[in-house]
1. In nm, to one decimal, how far is the modelled label at residue 30 from the one at residue 60, with both set 7 Å along Cα→Cβ?
2. Given the C-alpha centroids of region 32-46 and region 103-118, what is the distance between them in whole angstrom?
3. Suppose every Lys and Arg Cβ carries +1 and every Asp and Glu Cβ carries -1, with no other charges. What dipole size does the chain come out with about its Cα centre, to the nearest 20 debye?
4. Expressed as an acute angle from 0 to 90° and rounded to the nearest 10, what is the orientation of the C-alpha long axis of helix 2-23 relative to the principal long axis of the chain?
5. Among 43-49, 80-86, what's the highest-first ranking by average C-beta atoms within 10 angstrom per residue?
6. Once fully extended, how much extra length lies between residue 87 and residue 6, figured as 0.36 nm per residue of separation less the alpha-carbon to alpha-carbon distance?
7. I'd like the orientation of helix 79-88 relative to the chain: the angle between its Cα long axis and the longest Cα principal axis, in ° from 0 to 90, rounded to 10.
8. Which listed residue (19, 48, 87) has the Cα farthest towards the positive end of the charge dipole for the chain, taking +1 on Lys and Arg C-beta and -1 on Asp and Glu C-beta about the Cα centre?
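A short reminder: the numbers here are calculations on the coordinates, not readings from a lab. Keep in mind it's a predicted model, so treat the numbers as computed, not measured. Counting neighbours? That spans all protein chains shown, and the Cβs are built from the backbone with ideal geometry, glycine included.
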Amino acid sequence: MRHLVVIIVMIMVWLNGLIWLAKQVDPSTKYQSEVEYKYARYCAGCHGNNGEGNGRIGRFKRLDPADLTDSGLWDMHSDEQLLDSINAGKDDMPAFYYYLSDEEQREILAYIKEMFRP
């Protein structure tokens, strides 16, 4: 009988957790667009919300992510070079071809240029 009570309590706790998860707000709803959500999900952790290379993951891992607000970055690299870095990765930056289609990568680059390019 005691085992049955333990199992029932465990099931109730598990169900409570599922109900709690179901009530959570989808994080993508707080962003104005899908591309803004994708930047926040895939890029902001290292490059920061403001593109200055000060994201929390970059600081924690002591990485040196590119400052997307630096005019030198834009002067030294073509769009194709930047897309190649997004797609295949560069130095500490991971490759995103696993997660983002070519079109999504172009959309993110356009978003970054619009938001952060000086």
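1. The two pseudo-label positions are separated by 1.6 nm.
2. Here the two parts' Cα centres lie 11 Å apart.
3. In total the dipole reaches around 1020 debye.
4. Taking Cα atoms only, the helix is inclined about 30 degrees.
5. 43-49, 80-86
6. 24.2 nm
7. Taking the Cα atoms of the chain, the angle to 79-88 is about 30 degrees.
8. The one lying farthest along the dipole's positive direction is 19.
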